[in-house]
Structure formats: C-alpha cells, structure tokens
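The values are calculated or read from the model by the stated rules, or taken from the named source; none is laboratory data. Remember, it's a predicted structure, so these values are computed and weren't measured experimentally. Cβ coordinates were reconstructed from backbone atoms using ideal geometry, including for glycine residues, and neighbour counts include every protein chain displayed.
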Amino acid sequence: MATAREAQDVRAEPRARVIDFGRLMWSEYLGFVGALVLFGSLFLTWWSTSCSSIQGQAGTPAGCNINSKLHGHPGDFTAFQTYRFLGWLLVAACAAPFILGYIIARGHELTWRPGEVTMIVGMLAAALILMNGIILGRPGSTVDLSFGGGYWIGLLGALLILAGGLIRQAQGARARKPPGVV
C-alpha cells in the first residue's frame, strides 16, 4: 500500500530542462563559426594538380605537367575526394561545438570544465589537417600538386574550434584547493 508521500512522488512530474541560449558565451559562438567554416571547407578545393585536364600531347596547355595526377586523375580535389576517412573525421569534429552549446544551454552539470572536450577536438582536427598535407607530405606520389584554398580555410576552421574551446574552458576555470581540503 502506497503512502501519501509515495503517491505525491508518483504524481510529481520531473521538470523538463529548458534550453536557454542566454547561458552561451561568445566563445561558444566562436566554436560554432569555426565548425561551419571547417564544414564548408570540406567541399572546396583542397588540392590541385597543374593541369585541369589532359587531352593528349597536342592539347596540353603550356605549364601543364602531364604526370601531375592525384588518384590517377588531373584537376581539383575536395577533402572527400582526396582522403578516404579524414573528411568524415572532420565532419564529426564539426559537431563538438554544437554539442557543447547544447549541454550549456540545457544547464547540465559536467564533471569536466565546459569547453575542454571541444578544445581537444579542435586540436585533433587541426593536427589531422596539418599531418595530412604539411608534416607527412602531400597525398599520393605525384608531382606539381598544390594546396587549394579549402585546405587553409579548413585549418582556420579547426583553429577557431580550438580557440572557442580553449577560451570557454579558461573562463570556467575552477579555483585550486590546497592539499588536504575536500
């Protein structure tokens, strides 16, 4: 048999958390911009060969190296056309600032500083972009392959995600406690 208190607990409906965009700081919006910039860059040219197309020896324009091909084709290539998995990893990285914004707008309690995970995701995205173009060299084993604007715009977007997370976690820094204090 249920007591009056148990009946009251059953009838009490849990209050739904309300999304309050007023809880967001400018650092979250910086991360949003970075994610949109990075996502948009994935559809721009990341790599270009010296020839847009090759029509045999007679139809090749001046300054065009017929050996300049990426994956067997000349032309301009997006991140998705160049890399097998990197484009999809960067799409996943674009979600991090929006997930952080949702968590903060809902007022959820976190066991880590808000922005830490977004900062790490931005750092990883920037490192992946740098590794797959500058540090480990250009993709494929071709000649006359140059950076497209999308590569640099994608790097900028990843750095904006990193900056947004870094600033947000710095704003939410906890005061350090002396040893022995709980």
Response to the item:
Of the residues in the range 124-182, those that are more than 21 Å from the chain's Cα centre (by Cα), farther than 21 Å from W26 by Cβ and hydrophobic (A, V, I, L, M, F, W, C) number 5
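Conditions (1) in a loop (DSSP other than H, G, I, E, B); (2) touching a residue at least 12 places away in the same chain (Cβ under 8 Å); (3) of a type in the set (D, E, K, R); (4) surrounded by fewer than 18 Cβ atoms within 10 Å (Cβ to Cβ), marked per residue:
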| position | (1), (2), (3), (4) |
| --- | --- |
| R84 | yes, no, yes, yes |
| A96 | no, yes, no, no |
| G133 | no, yes, no, no |
| G140 | yes, yes, no, yes |
| L159 | no, yes, no, no |
| R168 | no, yes, yes, no |
Response to the item:
How many residues of the range 107-157 are farther than 17 Å from V37 by Cα, at pLDDT 85 or above and touching a strand residue (DSSP E or B) at 6+ places or on another chain (Cβ under 8 Å)? The answer is 3
Worksheet entry | Filter result (charged (D, E, K, R) and assigned to a helix (DSSP H, G or I)) within the range 98-125 | R106, E116
Worksheet, complete the sentence: For the range 98-128 the number of residues that are touching a residue at least 60 places away in the same chain (Cβ under 8 Å) and surrounded by 15 or more Cβ atoms within 10 Å (Cβ to Cβ) is 10
Item to complete: Determine which member of the set S48, S53 is within 19 Å of S146 (Cβ to Cβ) and at pLDDT below 85.
Response: S53
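This table checks each residue for (1) at pLDDT below 95; (2) assigned to a helix (DSSP H, G or I); (3) farther than 30 Å from F147 by Cβ; (4) not hydroxyl-bearing (S, T, Y).
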| site | (1), (2), (3), (4) |
| --- | --- |
| V18 | yes, no, yes, yes |
| A35 | no, yes, no, yes |
| F39 | no, yes, no, yes |
| F43 | no, no, no, yes |
